[in-house]
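The values are calculated or read from the model by the stated rules, or taken from the named source; none is laboratory data. All values reported here derive from a predicted model rather than from experimental measurement. When we count neighbours, we look across all protein chains shown, and the Cβ atoms used for this are built from the backbone with ideal geometry, even at glycine.
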Amino acid sequence: MSTFTAIDFETAQGYRWSICQVGIVRVVEGIITEEVNILVQPPDNYYWYNFTEIHGIAASDTAKSPTFDKVWPTIAPYIENQLVIAHNGFGFDFPVLAKTLEYYGMSNPEYQKQCTYKIYKSNLANLCREHNIKLNHHDALSDARACAALYMKHLDNL
């Protein structure tokens with residue numbers, strides 16, 4: 001299926017409900033049609049230092065950003081009843097979405113899930129080097145773009 005949504009989340013802490021950035025790439029019939037990049041204020045706008053070191057997002061960056069419950073109506077159409085691709089999706093992104101929705105008392109939508117980590121069995125940075133895909137690792141939109149490119153390569157090889 002060449003129509004899908006690639007998604008990536010960055011979190012502010014080790015808690016799965018602490019989304020601070022959402023990156024979405026929508027692919028329709030093999031062509032990127034939309035990209036969404038949203039900074040999200042995590043609960044209490046609280047960050048663990050080592051997480052800021054990884055992705056570069058700090059409390060000052062999200063102090064005026066919407067909380068996830070305000071962001072959800074914008075991103076839900078890209079996820080609900082769609083094929084959603086993430087790198088390490090089953091280990092990270094899909095549980096992060098579920099836990100964040102639960103935190104805000106919202107229901108988890110129905111959607112199909114695929115994981116490029118399960119397909120390729122390697123980490124995103126190595127795969128991007130191997131396949132010559134541009135990556136600003138741990139920027140949610142860049143990670144989602146890379147995931148979309150990897151999934152499209154996978155589809156081409158089927």
What is the one condition in (1) small (Gly, Ala, Ser); (2) within 26 Å of LYS153 (Cα to Cα); (3) touching a strand residue (DSSP E or B) at 6+ places or on another chain (Cβ under 7 Å); (4) not in a strand (DSSP E or B) that GLY23 does not satisfy? (4)
Could you tell me whether ASN81 is out of contact with any Cys (no Cβ under 8 Å at 6 or more places or on another chain), modelled with pLDDT of 95 or more, in a loop (DSSP other than H, G, I, E, B) and of a type outside the set (Asp, Glu)? yes
Quickly run through the stretch 128-154 and pick out the residues that are more than 19 Å from GLU35 (Cβ to Cβ) and either basic (Lys, Arg) or in contact (Cβ under 8 Å) with a residue 40 or more places away in the chain (or both). ARG129
Only one residue in LEU124, LEU135 is among the hydrophobic types (A, V, I, L, M, F, W, C), closer than 21 Å to VAL22 by Cα and surrounded by 20 or more Cβ atoms within 10 Å (Cβ to Cβ), so which one is that? LEU124
Within the stretch 95-112, does at least one residue satisfy the condition of being crowded, with 19+ Cβ neighbours inside 10 Å, aliphatic (A, V, I, L, M), in a loop (DSSP other than H, G, I, E, B) and in contact with a Phe, Trp or Tyr (Cβ under 8 Å, 6 or more places away or on another chain)? no
Only one of ILE57, ILE7 is in a strand (DSSP E or B), within 16 Å of the chain's Cα centre (by Cα) and not hydroxyl-bearing (Ser, Thr, Tyr), namely ILE7
For the stretch 137-158, the count of residues that are under 18 Å from PHE51 (Cβ atoms), assigned to a helix (DSSP H, G or I) and more than 9 Å from the chain's Cα centre (by Cα) equals 1
For VAL40, state whether it is over 18 Å from GLY89 (Cβ atoms), surrounded by 18 or more Cβ atoms within 10 Å (Cβ to Cβ) and of a type outside the set (Ser, Thr, Tyr). yes
Conditions: (1) modelled with pLDDT of 95 or more; (2) among the small types (Gly, Ala, Ser); (3) within 15 Å of ASP139 (Cα to Cα); (4) loosely packed, with under 15 Cβ neighbours inside 10 Å. GLY56 meets all but one. Number of the miss? (1)
